[in-house]
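What follows is a single structure, written as structure tokens, with notes after it.
The values are calculated or read from the model by the stated rules, or taken from the named source; none is laboratory data. Everything numeric in this text was worked out from a predicted model, so none of it was measured. Here the Cβ positions follow ideal geometry from the backbone for every residue, glycine too, while neighbour counts run over all protein chains shown. The accessibility values were calculated without ligands, DNA or RNA, using every heavy atom of the protein model including side chains. Shrake-Rupley method; radii C 1.70, N 1.55, O 1.52, S 1.80 Å.
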Amino acid sequence: MTEEIRAESYVGFDSITQQIEHKLLKRGFQFNVILVGQTGLGKSTLINTIFASHLVDSKGRFTSDEPVRQTTEIQAVSHVIVENGVKLRLNIVDTPGYGDQVNNENCWDPIVKYIKDQHSAYLRKELTAMRDRYIQDTRIHCCLYFINPTGHSLRPIDVIVMKKLSEVVNVVPVIAKSDSLTPDERESFKEKIREELVYHNIRLYPFDTDEDDQEEVAVNEAIRAKVPFAIVGSDTSVIIDGKSVRGRKNRWGVVNVENKEHCEFMDLRDFLTRTHLQDLIETTAQIHYEAFRSKQLLALKEGVNQRPAQ
């Protein structure tokens, strides 16, 4: 192990962190999220609520007798959000509501294929002789997986889809529209889901690594104890105690989206943006993309070795 030496006088290389920050701020950051779940669970509304911006048009009903509008194909929309001089290029990928059909066999295939296609596109650019200085990154960093608030257990299709997705992307499950459950029902449902995830050996994000210190391990354990996040999204404001807050009315009263006693939206938002945003990006590159890259390059090598000599 190399011995650490303290400089006898100030050199100045400790300013490298500011140099890196300056370059990163100029370049901005890229974050790609995919929304997966049944139709009518408020996928678009939640992403708008998380980033406090109108990013995706909601497909919810305007009247109770209106049929639910559906996403019929995978759609990506991009926005640049600026906060205190930091530019975030946000790519949101909305997917058709899976499990809506009579025959749902292999309904997850288009989603898995889309995620792998982004890895494949990045690999092609990476292997180009004259590659770009900064490769445009469309690799999916996070999959928000929406669970129907039945209060019973996961549907068999949820188990299959989450297992398939967890092999190629960071999956973060959320219980959508959790205000339809009482607090006791919500906690019981969350516990059942955690038990099923363990039973079916579904490995969800965040992952612990050898590089994590004790504080990071403790934060990850606290996150895993909350998964799946019981959330409520809202594009509208309501008045509570004379203050305008994001929320919505239900049969029990008014749900304040930003009140941790009402739902876990704030925990989810802080997790995605304030504590694990960079780790989601790094985990995608170092684990999911690296596994895809290794597999593709090995297959390429084997294909070359099996060619007959000229």
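Quick one: is residue 269 charged (D, E, K, R) and crowded, with 16+ Cβ neighbours inside 10 Å? Reasoning before the result, please.
Details: charged (D, E, K, R): yes; crowded, with 16+ Cβ neighbours inside 10 Å: yes.
Yes.
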(request) Would you mind telling me which numbered condition in (1) within 30 Å of residue 117 (Cβ to Cβ); (2) of a type outside the set (Ser, Thr, Tyr); (3) open to solvent by 50 Å² or more (accessible area, probe 1.4 Å) residue 292 fails? (result) (3)
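Please pick out the residue among 305, 220, 250, 256 that is touching a strand residue (DSSP E or B) at 6+ places or on another chain (Cβ under 9 Å) and either open to solvent by less than 60 Å² (accessible area, probe 1.4 Å) or at pLDDT below 90 (or both).
Values: 305 fails: touching a strand residue (DSSP E or B) at 6+ places or on another chain (Cβ under 9 Å); 220 fails: touching a strand residue (DSSP E or B) at 6+ places or on another chain (Cβ under 9 Å); 250 fails: touching a strand residue (DSSP E or B) at 6+ places or on another chain (Cβ under 9 Å).
Residue meeting the stated conditions: 256.
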(request) Look through 274, 251 and report the one residue that is more than 26 Å from residue 137 (Cβ to Cβ) and of a type outside the set (Val, Ile, Thr). (result) 251
(request) Return yes when residue 114 is within 18 Å of the chain's Cα centre (by Cα), farther than 30 Å from residue 259 by Cβ and in a helix (DSSP H, G or I) and no when it is not. (result) yes
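Let me confirm something: among 127, 123, which residue is surrounded by 13 or more Cβ atoms within 10 Å (Cβ to Cβ) and either closer than 21 Å to residue 291 by Cβ or at pLDDT 90 or above (or both)?
Numbers: 127 fails: surrounded by 13 or more Cβ atoms within 10 Å (Cβ to Cβ).
From the options 127, 123, the qualifying one is 123.
Quick one: would you say residue 233 is at positive phi and modelled with pLDDT under 95?
Details: at positive phi: no; modelled with pLDDT under 95: yes.
No: the conditions fail for residue 233.
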(request) Within the stretch 192-215, track down each residue that is under 22 Å from the mean Cα position of the chain (by Cα) and under 21 Å from residue 266 (Cβ atoms). (result) 193, 194, 204, 205, 206
